[in-house]
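Some notes on the structure that comes next.
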Amino acid sequence: MKIIIILTFFFIFFLKFGQSDIDPSQKKVLTDFLIFFGEKGVIEDPCSIKYEDMIKCVPMDSSDLSPLKNLTTLSFLDYVFVTPLLFENLYKFTQLEKLTFNYFNTTIPDGTIFPLNLKYVQIFCPSVTLGRSLFESSIKELYIAYIENGFRYPTLYKANPYIETLQLEVAFDSDYPPNLSQIFTNLKYLKIKVKNKNNQNQFYLPNTGVFNSLIELEFVGYSFQYFPINSLLSNVPVLENFILYGDALFFDPSKNLDLSYINGKNDLQFYTNSILENLEGVYFKFPKNAHFSCNGVSFSFNIIDFSNLSSFGVQSNKYVQNLPNIDNAPLLTNFEISFSAVVGNIPESYCRIKELSLRDDKLDGVVPSCIQCLGGKNATFVLPNPFSNFNENSQPYDCPPPPPPPTSPPSNSSTLLISFYLIALLLLIQF
């Protein structure tokens, strides 16, 4: 039977069972547990039901939890700290699946044996070096956040094929594992949060090697750091999602970023950052059927190569410009620019977009006939805007047929094949 134990700042334990009543087979374990923690005068029923599925027990004051061998979840909350004794006995929790700490000030000893069933570890507010054994265990998900002064990452040497999800917070004095892709060979989800206030102590976040299995990469931070994102993204062959909050990294303006080699879908999301503002020319080229979304970032649409995009969404872009040219974007079916400083006309080519939204912009030119014919009440997806020939009171009329989508240029192999048939046809005519 599963048991979950949680320590609060009152040193009160809560044990959670699969049902609201305590299983009789567990009462002996609970009694032994209380005696072990110094509660010699154990009451007849040491735990009483407090919530529908939670059990409240009397206060306890130790970190050696070895008597409860059937625990599946163990959480230390609100200023409860553990000692090395916990990690010396951790291997005895053979059923443990989840381990969380809200405050952490004990270095995990090298050589600590983590239970094989343990798949999830969360450490908040660490203030010491974690130790290598955690990073060499068989857990699948590791989350480290809200790091404090004194926290350090250990130097890692041993490859780990088990960890698939990794969330790290880094600061100027926290160090940073420089070889993540070589250590975590099966990593699928990586989130890095940069903790650096007021642009002080800028530091370099290195990476070597290729993330062969990485499908989601996320950066969070509001202080600029020099992270070689160009080289990293150029070595992630199956990346599906790239998410950026703030200014936690740097795009090298001298090197265009071509991601068209990536297999599978690609979803790039940018939120409230300025790293796109200084880019020039056609900077980004995406994989086929990629999705691009951006909120709160002012940048020129000229840095985007639309040829492989199937979805483009931008909100709150204050860069004054016209709508982008999508004549060479045959895959584009979903397009939104809203609450942005775009001006001018809506080009005729936008008539073929299946899902179009151009609300609350500054468009002050004309709309094409495919939108004008709908009338104002049926074309709210482009209103309000100060158009010269269209408003909410415009009347509908019979719409013209939509223009055909642009065609992709023939590949080199197709061109060679056509040339071969033309030559063969000429030879037949001659004979």
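Could you give the length gained by full extension between ASN212 and GLU348, i.e. 0.36 nm per residue of separation minus their alpha carbon distance, to one decimal place?
On the way: separation 136, 0.36 × 136 = 48.96 nm, distance 4.23 nm.
Stretched fully, the ASN212-GLU348 segment lengthens by 44.7 nm.
If LYS288, LYS255, LYS377, LYS195 are ordered by their accessible area, calculated over protein heavy atoms with a 1.4 Å probe, which sequence runs from highest to lowest? Don't jump to the answer; show the numbers that get you there.
Numbers: LYS288 140, LYS255 120, LYS377 180, LYS195 80 Å².
Largest accessible area first, the residues go LYS377, LYS288, LYS255, LYS195.
How much accessible area per residue does the stretch 234-318 have, in Å², with a 1.4 Å probe? Don't skip to the end; give the middle numbers.
Values: 3240 Å² over 85 residues.
Heavy-atom accessible area per residue stands at 38 Å².
What's the Kirkwood radius of the stretch 69-201 in Å, using all Cα pairs?
15.1
Run the paramagnetic zone check for ASP327: 7 angstrom along Cα to Cβ, then residues of the stretch 364-379 with backbone nitrogen under 19 Å.
Only 366-370 pass the distance filter.
Taking a quarter of the surface of the Cα convex hull of the stretch 81-139, what do you get in nm²?
Average of the hull's projected areas for the stretch 81-139 equals 3.4 nm².
Distance check, please: which entries in LYS255/LYS362; LYS288/LYS377; LYS288/LYS362; LYS195/LYS288; LYS158/LYS188 exceed 26 angstrom between their Cα atoms?
LYS255/LYS362; LYS288/LYS377; LYS288/LYS362; LYS195/LYS288
I need the peptides 351-362, 164-175 ranked by packing, meaning the mean over residues of other C-beta atoms within 10 angstrom, with the highest value on top.
164-175, 351-362
Given axes a ≥ b ≥ c from the Cα gyration tensor, I'd like to know whether the stretch 229-358 is rounded (a/c under 1.5), prolate (a/b larger than b/c) or oblate.
Taking the square roots of the gyration eigenvalues as a ≥ b ≥ c, the stretch 229-358 is oblate.
For the pair LYS362 and THR185, what calculated FRET efficiency results from E = 1/(1 + (r/R0)^6), where r is the Cβ-Cβ distance and R0 = 41 Å, to the nearest 0.05? Walk me through the numbers on the way to the answer.
Numbers: r = 50 Å, r/R0 = 1.21.
Once the sixth-power term is evaluated, E becomes 0.25.
Looking at the P(r) of the stretch 333-393, how many percent of alpha-carbon pairs lie beyond 19 Å?
16
Roughly how many nanometres apart are two label points built 7 Å out from the Cα toward the Cβ at THR380 and TYR143?
My value for the distance between the label points is 3.8 nm.
With no solvent and one equal point scatterer placed on each C-alpha of the stretch 240-298, evaluate the Debye formula and give log10 I(q)/I(0) for q = 0.16, 0.25 Å⁻¹, two decimals.
Taking Cα atoms of the stretch 240-298 as identical point scatterers yields -0.51, -1.18.
Probe radius 1.4 Å, ligands and nucleic acids ignored: give me the carbon and sulfur share of the accessible area of the stretch 263-379 as a rounded percent.
44
The values are calculated or read from the model by the stated rules, or taken from the named source; none is laboratory data. Since this is a predicted model, take the numbers as computed values, not measurements. Reconstructed Cβ throughout: ideal geometry from the backbone, glycine too, with neighbour counts over all protein chains shown. Note: areas computed on protein heavy atoms with side chains; ligands, DNA, RNA excluded. Shrake-Rupley method; radii C 1.70, N 1.55, O 1.52, S 1.80 Å.
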